[in-house]
Amino acid sequence: MMKNTKVFAHRGAAGTHPENTMIAFQEALRVGADGVELDVHLTKDNVPVVIHDETVNRTTNGSGWIKEYLYDELRKLDAGSWFNEEFTDCTIPSLEEVLQWIEKSSLQINIELKNGIVRYENIEKIVIDLVHKYNLKDRVIISSFNHYSLVEVNKCAPEIETAILFIEGLYKPWDYAKTIGATGLHCYLPVAVPELLEGANIEGMPVRPFVVNEEKHIAALVRGGCSAIITDWPKQAIKIRDNLK
């Protein structure tokens, strides 16, 4: 029963590989993760790209806002050396590149829309169209801290699962999630308290806390019947989950 908790690789296997790159996602699949989590922004020419921050400063050798780059310009940046020089060939992938690859696997995919600081016009429809193009509607969860955006996703594609991202200790967050048509709870680890797990289980609403890296937290959440955990270290998390008695 306890082994039912799924392991989602946060930005791919971000503990061992440069986050949000194809090699990080490939590593997650190699070590047996159930799913991957990634972040999406839009370039100046409206290409959805997989990167966490609003700028390229932290994770590439470039600088500036993603919204001011054309996709072809973005592709030329080195997105691996900051992590380790052995990853100099890594580039920022497009969402399409990742979905094309995911389609051939059995992985689930959690797409986080990063449209809280920059309000990318039409990002919901652009992402939804790609999900449908690769026939992944049953394996995709779309999440965001921008809950207005999730309402838009539900309006355009009610068949795709949506999940609210939240950091606060909300009371009965499943009730709130239902008001916007969301069916998943992606909460910051410290607020994944037993009462939340129990209540969400009763309501049949999956809880997938982030970012769960420590053994004691992984074990507690698996024992608590958590639907999934989102972790930087999928290999270790799987081992901890599978060895629990």
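Does region 155-163 contain any residue that is among the hydrophobic types (A, V, I, L, M, F, W, C), in a strand (DSSP E or B) and within 25 Å of I128 (Cα to Cα)? Working first, answer last.
Here is the first cut: in region 155-163, the ones among the hydrophobic types (A, V, I, L, M, F, W, C) are 156-157, 160, 163.
Still in the running and in a strand (DSSP E or B): 163.
Next, only the ones that are within 25 Å of I128 (Cα to Cα) stay: 163.
Looking through region 155-163, at least one residue is among the hydrophobic types (A, V, I, L, M, F, W, C), in a strand (DSSP E or B) and within 25 Å of I128 (Cα to Cα).
Within region 89-104, is even one residue free of Cβ contacts under 8 Å to residues at least 40 places away in the same chain and under 17 Å from E19 (Cβ atoms)?
Filtering region 89-104 for residues free of Cβ contacts under 8 Å to residues at least 40 places away in the same chain gives 89, 99-100, 103-104.
Now restrict to residues that are under 17 Å from E19 (Cβ atoms): 89.
Taking every residue of region 89-104 in turn, at least one turns out to be free of Cβ contacts under 8 Å to residues at least 40 places away in the same chain and under 17 Å from E19 (Cβ atoms).
So, in region 164-199, exactly how many residues are among the β-branched types (V, I, T) and assigned to a helix (DSSP H, G or I)?
If we filter region 164-199 for residues that are among the β-branched types (V, I, T), which is where we start, we get 164, 167, 179-180, 183, 191, 193.
From what is left, the residues that are assigned to a helix (DSSP H, G or I) are 179, 191.
Number satisfying all stated conditions: 2.
The residue list V118, V153 contains one member that is in contact with a strand residue (DSSP E or B) (Cβ under 9 Å, 6 or more places away or on another chain) and surrounded by 21 or more Cβ atoms within 10 Å (Cβ to Cβ), which is V153.
Is there any pair with a first residue in region 125-151 that is within 24 Å of S105 (Cα to Cα) and of a type outside the set (F, W, Y) and a second that is part of a loop (DSSP other than H, G, I, E, B) and open to solvent by 60 Å² or more (accessible area, probe 1.4 Å) whose Cβ atoms are under 7 Å apart and which are 6 or more apart or on different chains, and what are they? Pairs found: I126/N46; V131/K137; K137/E159.
The values are calculated or read from the model by the stated rules, or taken from the named source; none is laboratory data. What you are looking at is a predicted structure, and each value in this text was computed from that prediction instead of being measured. Virtual Cβ from ideal backbone geometry, glycine too; neighbours counted across all protein chains shown. Side chains included, ligands, DNA and RNA excluded: accessible areas come from the protein's heavy atoms. Shrake-Rupley method; radii C 1.70, N 1.55, O 1.52, S 1.80 Å.
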